[in-house]
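Everything below concerns the one structure shown next.
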Amino acid sequence: MHDKIGNTITHATLARWLELWSDQAKNTTLHDFNDLVKRYGEPHRHYHDLSHISLCLEDLTEACSHADHPFEVELAIWFHDAVYDPRRSDNEEVSARYAQDTLGKLIEKESLERVQSLILATRHTEPPKNNDEKLIADIDLAILGRPTKEYKEYEDEIRQEYGWVPDDRFKAGRAEVLARFLARERIYYTDHFREKYEMNARANLSHSISMLRTSGPYQ
């Protein structure tokens, strides 16, 4: 298990996971929780681990009143990075299929389809279609607007996840990704997250892009 994932986070997320389920389902879903913890503890994960899920859940708790279907939004948070390999481009699609395989026996078809659509919204490749997709997209990108020190740690962790990519190639690609977010009229779709994070996110992104485009070896 990744060193960053301590017992405190695991215990806290287990309590959160069990809160989702009825008494009848808790024993069934413990196996699923353990499998998720194993996946989020894979050694190649430096940012996309259980700490990321924990922070997403904290943001959801604060913004839960904005969700139309909070149960499905929370499930989608749990599963949106269940499959993560930085060498592939279909992680969200495979994570959605994993959610289907895991949750198909536990929730109704309509609810499952909603969870899968929410997972796919974290690709950030097209505008969200509804309030819940806007909410999960904003939760996933909350890190962009967090305090500068925390944002810098995130950037360093992303660099570790792409450790096999040469500096010049990584810096050009990363600057392009960040510039796409900065070019949006709004980085955050919901008023809640826009008010909380938009200004700081733009400052973080602007500084990071400038460093990526002008500095020497990755800092």
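FYI, it's all coordinate maths here, none of it is from the lab. For clarity, every value in this text was computed on a predicted model and none was experimentally measured. FYI the Cβ positions are ideal-geometry reconstructions off the backbone, even for glycines, and counts take in every protein chain you see.
Kindly provide the Kirkwood hydrodynamic radius of the chain in Å, to one decimal, from all pairs of distinct alpha carbon atoms. List each step's numbers first, then the result.
Working: mean 1/r = 0.0554 Å⁻¹.
Averaging 1/r across every pair of different Cα atoms and inverting gives 18.0 Å.
For segment 73-132, run through the trypsin sites (Lys or Arg not before Pro) and keep only the ones in DSSP coil with at most 11 other Cβ atoms within 10 Å of their Cβ. Write down the numbers at each step before the final one.
Details: sites: 87, 88, 97, 105, 109, 114, 123, 129; in loops: 87, 88, 105, 123, 129.
Those satisfying the criteria are 87, 88, 105, 129.
I want to verify a result. In a Gaussian network model of the chain, Cα cutoff 10 Å, which of these has the top mean-square fluctuation: 83, 177, 73?
Top of the fluctuation ranking is 177.
Among 47, 91, 178, which residue has its Cα positioned farthest towards the positive end of the charge dipole of the chain, with +1 placed on the Cβ of Lys and Arg, -1 on the Cβ of Asp and Glu, and the dipole taken about the Cα centre?
178
Could you tally up the Lys pairs in the chain with alpha carbons closer than 21 Å? Skip any pair fewer than 8 positions apart unless they're on separate chains.
Lysine pairs meeting both conditions in the chain amount to 13.
Can you tell me, using C-alpha contacts under 8 Å and at least 6 residues apart, the relative contact order of the chain as a whole percent? Could you put the intermediate results ahead of the total?
Numbers: 219 pairs, mean separation 38.1, N = 219.
This gives 17 percent for the chain.
Running a GNM on the chain with Cα contacts under 10 Å, which residue among 58, 72, 93 ends up with the highest mean-square fluctuation?
58
Let me have the 222 nm mean residue ellipticity of the chain computed from DSSP H runs of 4+ only, each contributing -39500 (n - 2.57), with the sum over all residues rounded to the nearest 500. Before the final figure, lay out each step's value.
Numbers: 10 runs with 146 residues, N = 219.
Mean residue ellipticity, 222 nm, calculated: -21500 deg cm²/dmol.
Using alpha-carbon pairs under 8 Å, 6+ residues apart, how would you state the relative contact order of segment 1-85 in percent?
On the way: 49 pairs, mean separation 31.0, N = 85.
For segment 1-85, the relative contact order is 37 percent.
Of the candidates 117, 54, 65, which one comes out as most mobile in a Gaussian network treatment of the chain with C-alpha springs shorter than 10 Å?
With Cα springs under 10 Å in the chain, the top fluctuation among 117, 54, 65 is at 65.
Just how large is the dipole of segment 7-140 about the Cα centre, in debye to the nearest 20, putting +1 at every Lys and Arg Cβ and -1 at every Asp and Glu Cβ? Please list the in-between numbers first.
Numbers: 14 positive and 26 negative charges, 80 e Å.
Dipole magnitude for segment 7-140 comes out near 380 debye.
What is the distance in Å between the Cα centres of segment 152-171 and segment 25-68?
23 Å
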